[in-house]
Amino acid sequence: MMHKPIRIQQLSLTFPHKTCFEDFSTEIHHGNRIAIIGRNGSGKSSLLNLLCGTIAATSGQIIIPEDVSIGYIAQVIKDFSIQSGGERVNSALTEALSLNPNILLLDEPTNHLDQRNRRNILRWLAHFSGTLLIVSHDVELLRQSVNSFWHIDQGQIQIFTGNFDDYQQARNMQRLKLETSLHALKRQQKALHHSLMQEQQRAAGSKTKGAKSIEQRKWPTIVSRAKAGRSQETSGRKKAAIFDKKQTLLAELAELNLPEIIIPKFQITTTPQNQQILSISQGAIGYSADTMLLQDIYLSITANSRVALLGDNGSGKSTLLKAIMGATFVRRSGEWSLPKLNAIGYLDQHYQTLSTTDTVLTSISGLMTNHSHIEIRRHLADFLFRSKEEVNAPISQLSGGEKARLSLAHIAAQTPELLLLDEVTNNLDLETRQHMIEVLKHYPGALIVIAHDMDFLDAIAIEDYYEIGEGRIYRR
């Protein structure tokens, strides 16, 4: 059933500690398929809640016509209940559809879903004939399911029309324009500084010359005072004009918010590329001798291997990673040749390797014991921890994106021979996801990755795919 346009007028949402967005006006028409994107904590889920009416705006209004019926699917939080992520999303979807909505609001609908359930929901969204507003960082979903983007950034919402690649191109063009402006402004700033120095030298020289002329009685006293006064006045005006222009430039520079790029530097002892570092033959794993979760495991990893483990949730992928790390609660049988534990790195979506009693600085200092304080600060700066407040922040107070960056800084500081990744892109915003990709693309060791995000796996140059299902593992 079609609906009349929803009108959003000068909408603002602010909290005591931050402004999410201000003065946003637009219309939502029937059949729009909108992705709401932005950094974690920017206000995306709150915007969905404003549309649902579960929270109130700071100012402005949303005018919803009577013929609008809204279905809302909240973000599924991973837990250890009986229901899987897929079952909970399907249950929420069934409940939302029972209202016969013509508008669906979805908050990270593919989080924690295995590939089978991801495919199901992507197929379903492709056939939904109503209006969609989706909060998501899932690139595959963004490519397939939406045709416009609301990007929340720096307290404003920008609207981009087109598909995901159009949006990316527009963002890249915007970045290029900003970089050009930034370069031009910095050139002007340098020129202004030079002009100011010249004017100060000229004014000082003129003052000295004037004083000398008066002393030697080359100028009549009255004329001398008038000349000196005019010279000072001219110099003051020039200095004021230069200072005003400089302040304007500084304000413009402060407004240019370029997305940060991480260029990692790894520290690793080079291992011959084709040297085998892990071998499993006739392997089996489980939590008791009676019920083995996986059997007939054959896996060989060399120093330059890039491997993805695919399969439904609960099939045994994470258990295999735990077995490789030597977890005592996982039973192993067969022949296992593994790297030493200190040569294995592990990273998951909850950043369990980070100690919440540490600060950013102390956590890295413990890994870089042979480095100076300046070198450690430089390393943290590579991962965008730059200010005194950022490096001294307790890990317990970091956002998900900051924890992701710090975990990557750990890997670069003490680079393991083998890195195990378990669903690391869940809950990451697009910017942090790109940081993750940049670091992993350049990671010099071997990778074993659990992920359902095929765009991410392609971006980090995964070469070998293993499918896990029905108690077996086989190469695709």
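The values are calculated or read from the model by the stated rules, or taken from the named source; none is laboratory data. Remember, it's a predicted structure, so these values are computed and weren't measured experimentally. Glycine gets a Cβ as well: all are built from the backbone with ideal geometry, and neighbour counts include every protein chain shown. The accessibility values were calculated without ligands, DNA or RNA, using every heavy atom of the protein model including side chains. Shrake-Rupley method; radii C 1.70, N 1.55, O 1.52, S 1.80 Å.
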*Keeping all protein chains in place, calculate the accessible area per residue for the range 337-386 (probe 1.4 angstrom), answer in Å².*
54 Å²
*Could you tell me how many degrees, from 0 to 90 and to the nearest 10, lie between the Cα long axis of helix 115-127 and the main elongation axis, the longest principal axis, of the Cα atoms of the chain?*
70 degrees
*Prolate/oblate/rounded label for the range 24-77 (Cα gyration tensor, a/c 1.5)*: rounded
*Could you tally the net charge around residue 306, taking each other residue with its Cβ under 9 Å from the Cβ of residue 306, Lys/Arg +1 and Asp/Glu -1?*
-2
*Counting Lys and Arg as +1 and Asp and Glu as -1, each charge on the Cβ, what is the dipole of the range 358-450 about the Cα centre in debye, to the nearest 20?*
220 debye
_With n ≥ 4 as the cut-off for DSSP H runs, can you work out [θ] at 222 nm for the chain, using -39500 (n - 2.57) per run divided by the number of residues, rounded to the nearest 500?_
-13000 deg cm²/dmol
*asked:* Leaving ligands and nucleic acids out of the surface, order 54, 357, 302, 362 by accessible area at 1.4 Å, largest first.
replied: 357, 54, 362, 302
*Please list the non-local residues whose amide H lies under 5 Å from the amide H of residue 278, H modeled 1.01 Å from N, same-chain partners needing a gap of 5 or more.*
301
_Radius 13 Å from Cβ of residue 132, net charge of other residues (Lys, Arg +1; Asp, Glu -1)_ = 0
*Using the Cβ atoms and a cut-off under 11 Å, what net charge is assigned to the surroundings of residue 352, where Lys and Arg are +1 and Asp and Glu are -1?*
-1
*Using a 10 Å Cβ count of at most 15 others and DSSP loop calls, identify the longest part of the chain lacking such GluC sites (Glu not before Pro).*
261-462
*asked:* Need one number for the range 119-208: average projected area of the convex hull over its C-alpha atoms, nm².
replied: 8.4 nm²
*Helix 373-382 versus the longest principal axis of the chain: what is the Cα-based angle in degrees, 0 to 90, to the nearest 10?*
70 degrees
_If you fit an axis through the alpha-carbon atoms of helix 85-97 and take the longest principal axis of the Cα set of the chain, what angle between them do you get, 0 to 90°, nearest 10?_
80 degrees
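Express the carbon and sulfur contribution to the solvent-accessible surface of the chain as a percent, rounded to the nearest whole number, probe 1.4 angstrom.
50 percent
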*Scan around residue 359 for amide H atoms under 5 Å from its own, H built in the peptide plane at 1.01 Å from N, and keep only partners 5 or more places away or cross-chain.*
395
*Taking one equal scatterer on every alpha-carbon of the range 332-448, how large is log10 of I(q)/I(0) by Debye at q = 0.16, 0.17 1/Å?*
-0.76, -0.85
*For residue 4, what accessible area in Å² do you get when you roll a 1.4 Å probe over the heavy atoms of the protein chains, rounding to the nearest 10?*
130 Å²
*Taking every Cα atom in the chain, find the radius of gyration and the maximum pairwise distance Dmax, and write them in Å.*
29.6, 112
